[in-house]
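What follows is a short report on a single structure.
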């Protein structure tokens, strides 16, 4: 599972004219967010930016585990009691359950106790073995019980939607924009998680895949008319202790970062949440990441 950053407040949105249309930018979910909008109509571009900004913030406020009092906080602080859920939360729980089953338990959103132990800030240290073992005992999505109206789970358990939340936000924004403007191509890019529902006419969107050895530089370019992709990796979130590198993809079965994981995996998929699930599951495979992705019959780019 991916350990999530503190989700800080989104910055003031900006809109800039480009030769192909407009570039809209803001910050949410601890990531730079942008829209590439293929229209010269500034009023439409501004309206798109407003919708995207509000939806990203809505999802962030609802599902960040760092915001007291939100629906996720209520679930995590129920102390074993029943918590009411809405249809959107049910949808995310069902998808999380699918991830859990497909990964044989490695993709587990109940890994919150482990995520709190592992920090990837400057000066962070490797947690003590005893603390890791204790946290592991509190991780088991199979113990989470939910239906259409409510959820219950053991008192010490904590859920963390950090592994799917940003991808879900990308898909939601892409859907809302395509529904309202079905003839205007928009590439939604939240921190490298991308969706484009309306096909781009003419020249395709050019997407750079970051070089793990030279951050902020593209090691490969993808031409995309339509589709989605997501990237998982440890190029920016890791610590080095005593000469050993620890990435932020945690294996719940061991309590430690995955051994022999790729530096980054980018997967193309029908939507961003599916691409993100496969990218993270590939990271969790460690040395077998390439074989796993080949078995899924998906297009991917992997760096070691």
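The values are calculated or read from the model by the stated rules, or taken from the named source; none is laboratory data. As the structure is a prediction and not an experimental result, all values here were calculated from the model. All Cβ positions, even for glycine, are placed from backbone atoms using ideal geometry, and neighbour counts span all protein chains on display.
Based on what the data block shows, is residue 239 more than 19 Å from the chain's Cα centre (by Cα) and either over 23 Å from residue 200 (Cα atoms) or in contact (Cβ under 8 Å) with a residue 60 or more places away in the chain (or both)? Against the criterion (more than 19 Å from the chain's Cα centre (by Cα) and either over 23 Å from residue 200 (Cα atoms) or in contact (Cβ under 8 Å) with a residue 60 or more places away in the chain (or both)), residue 239 qualifies. Looking across 54, 62, one residue alone is within 22 Å of residue 277 (Cα to Cα) and surrounded by fewer than 20 Cβ atoms within 10 Å (Cβ to Cβ). It is 62. Residue 271 fulfils the conditions (1) touching a residue at least 60 places away in the same chain (Cβ under 8 Å); (2) closer than 22 Å to residue 114 by Cα; (3) within 20 Å of the chain's Cα centre (by Cα) except for a single criterion, (2). Does residue 265 satisfy the condition of being crowded, with 19+ Cβ neighbours inside 10 Å, at pLDDT 90 or above and outside any strand (DSSP E or B)? Against the criterion (crowded, with 19+ Cβ neighbours inside 10 Å, at pLDDT 90 or above and outside any strand (DSSP E or B)), residue 265 does not qualify. Regarding the stretch 215-226, can at least one residue be identified that is modelled with pLDDT of 90 or more and touching a helix residue (DSSP H, G or I) at 6+ places or on another chain (Cβ under 6 Å)? No, that holds for no residue. With a requirement of 2 or more residues that are assigned by TED's automatic domain parsing to the domain that holds residue 227, on the phi > 0 side of the Ramachandran plot and over 20 Å from the mean Cα position of the chain (by Cα), none of the helices (runs of 4 or more DSSP H) lying completely within the stretch 104-214 satisfies it. In the stretch 247-262, of all residues being part of a strand (DSSP E or B) and crowded, with 19+ Cβ neighbours inside 10 Å, the one that is modelled with the lowest pLDDT corresponds to 247.
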